[in-house]
Amino acid sequence: MSLDHSKTLIAGATLPDGTRTDLLLADGAILETGSLDGRHEGVERVDADGLIALPGLVDLHTHLREPGREDAETVLTGSRAAAAGGFTAILAMANTNPVTDTAEAAERILDLGRTAGLVDVQPVGAVTKQLAGEELAELGLMARSRAQVKVFSDDGKCVHDARVMRRALEYVKAFGGVVSQHAQDPHLAPYTSCCHEGEISGRLGLPGWPGVAEEVIVARDVMLARHTGSRVHVAHVSTAGSVEVIRWAKAQGIAVTAEVTPHHLLLTTDLLAGYDPTYKVNPPLRPAEDVEALRVALSDGTIDAVATDHAPHARHDKEHAFVDAAFGMLGLETSLQVVATVMVENGLLDWSGVARVMSQAPARIAGLDGHGGSLRAGEPANLTLVDPSVQVVVDRDASASLSRNNPWHERKLTGRVVASFLRGARTYGS
Ligand code: DOR
Ligand code: ZN
């Protein structure tokens, strides 16, 4: 009998809530769940015994380098890395060259993503033209374009002028958009600042980046969100003080959401002692007290989502003296493992919690249809299968990314993505 390749039977998977089920994928959707064995002969079969099925992961914060720096990453290579990491949708940040600040630029990213066909690539639009912080970009035109942009960010730069931020929030409110803020007051922490300000920045002689430079922008922006009745999202929260402000703002009913990166959940400032630029990232790695506060905040829902801030860089941009190297680290292929290691193993999140912070919450924040479901019949078949029982030593040369700035190289992490499916088609795993 020949195999019916249009259907896939995932047999014996464990759902995030711990129940065991088969899943029949057909025509891009989950057709049936429950105990299906024996009823679907001749279809492609995936043995998922011992594997957890998660709704496809969604990354609110990916830097692809196309257009402009295709030597560091392209939409295709970034999509491959995303699928290998369990993602079915990623939001592509606007700080490319040219910047994604027009409808045409946004549609081009969308089309490159569709051509690659491995994850849904949803462009983020710039808040201001050229990320210059002065004039608003074509927010309405990007929203009405084929790309239907809803998330806007000058990431890499802060929308530091309060008047510009206020106008952006008012503007996006009309179509249910959100501004994702890279919170860094450039007067308190100039863009050359590269080390958490404290004893360590003094000892290493590196320009300090004080936590308060983030916190004052978060505090200002939640008040602007309250004033405008619009929605603000805080990108890569890195300090305990920001967590306090967000917790307060949520208690007031202010429409604020927040993300934390895998690296801020595990890596600390002291890694900078060897001046290895792999650990240079913006915002910088923080002390253990901040890391602990971020874990608690992710566990209790103050921080809504994990977002990778996947920031690939070519060797000749990264391999420099610490102060001259580019900011950023890879994240797409390892984020689920970091979350399993830090949050699941420490009892801070169960697998339903992982589905919430890595799929459902980010899909909701970005307004992405078809992602962030709960693996019920009738939903699009966007999912990933994870083996939670193995420990894997990360090898940066095994990456699908074009870049090698991987801070997890040679670390042992828990869990492994076994397969990913986008609308029923396998995008990773054999
Ligand atoms: O470390 C970072 N890298 N932080 C940012 O905000 C931007 C990003 C990049 O584009 O490389
Ligand atoms: Zn940023």
Failed item in (1) open to solvent by less than 10 Å² (accessible area, probe 1.4 Å); (2) away from ligand 2 (no atom under 16 Å from the Cβ); (3) closer than 25 Å to Glu66 by Cβ, with Gln130 passing the rest: (1)
Tabulated pairs, the stretch 242-263, first in contact (Cβ under 8 Å) with a residue 40 or more places away in the chain, second aliphatic (A, V, I, L, M) and surrounded by fewer than 18 Cβ atoms within 10 Å (Cβ to Cβ), C-beta under 9 angstrom, 6+ apart or interchain: Val243/Val296
Any hit, the stretch 139-153, residues being part of a helix (DSSP H, G or I) and within 16 Å of ligand 2 (Cβ to nearest atom): no
3 or more residues within 22 Å of Val296 (Cα to Cα): qualifying strands (runs of 3 or more DSSP E) within the stretch 311-430: 412-422
Leading residue by the ranking (most open to solvent (accessible area, probe 1.4 Å)) among those in the stretch 154-180 that are more than 9 Å from ligand 2 (Cβ to nearest atom) and basic (Lys, Arg): Arg163
Test: residue in the stretch 309-319 that is free of Cβ contacts under 8 Å to residues at least 12 places away in the same chain and farther than 21 Å from Val58 by Cβ: yes
Sole residue being open to solvent by less than 10 Å² (accessible area, probe 1.4 Å) and away from ligand 2 (no atom under 16 Å from the Cβ), chosen from Ala297, Ala258, Ala293, Ala288: Ala297
Cβ-Cβ under 7 Å pairs, at least 6 apart or on other chains, the stretch 93-104 side acidic (Asp, Glu), far side open to solvent by less than 20 Å² (accessible area, probe 1.4 Å) and within 14 Å of ligand 2 (Cβ to nearest atom): Asp101/Ala94; Asp101/Ala126
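Quick grid of which residues meet (1) among the small types (Gly, Ala, Ser); (2) open to solvent by less than 20 Å² (accessible area, probe 1.4 Å); (3) away from ligand 1 (no atom under 15 Å from the Cβ); (4) over 28 Å from Ala355 (Cα atoms):
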{"position": "Lys7", "(1), (2), (3), (4)": "no, no, yes, no"}
{"position": "Glu32", "(1), (2), (3), (4)": "no, no, yes, no"}
{"position": "Arg45", "(1), (2), (3), (4)": "no, no, yes, no"}
{"position": "Arg69", "(1), (2), (3), (4)": "no, no, no, yes"}
{"position": "Ala92", "(1), (2), (3), (4)": "yes, yes, no, no"}
Complete set of residues in the stretch 86-106 that are away from ligand 2 (no atom under 16 Å from the Cβ) and over 17 Å from Leu368 (Cβ atoms): Asn97, Pro98, Asp101, Thr102, Ala103, Glu104, Ala105
Within the stretch 261-280, considering residues that are open to solvent by 10 Å² or more (accessible area, probe 1.4 Å) and assigned to a loop (DSSP other than H, G, I, E, B), the one farthest from ligand 1 (Cβ to nearest atom): Tyr275
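The values are calculated or read from the model by the stated rules, or taken from the named source; none is laboratory data. Keep in mind that this is a model prediction, so the values were computed, not measured. Reconstructed Cβ throughout: ideal geometry from the backbone, glycine too, with neighbour counts over all protein chains shown. Surface accessibility is based on the protein's heavy atoms, side chains included, excluding ligands, DNA and RNA. Shrake-Rupley method; radii C 1.70, N 1.55, O 1.52, S 1.80 Å.
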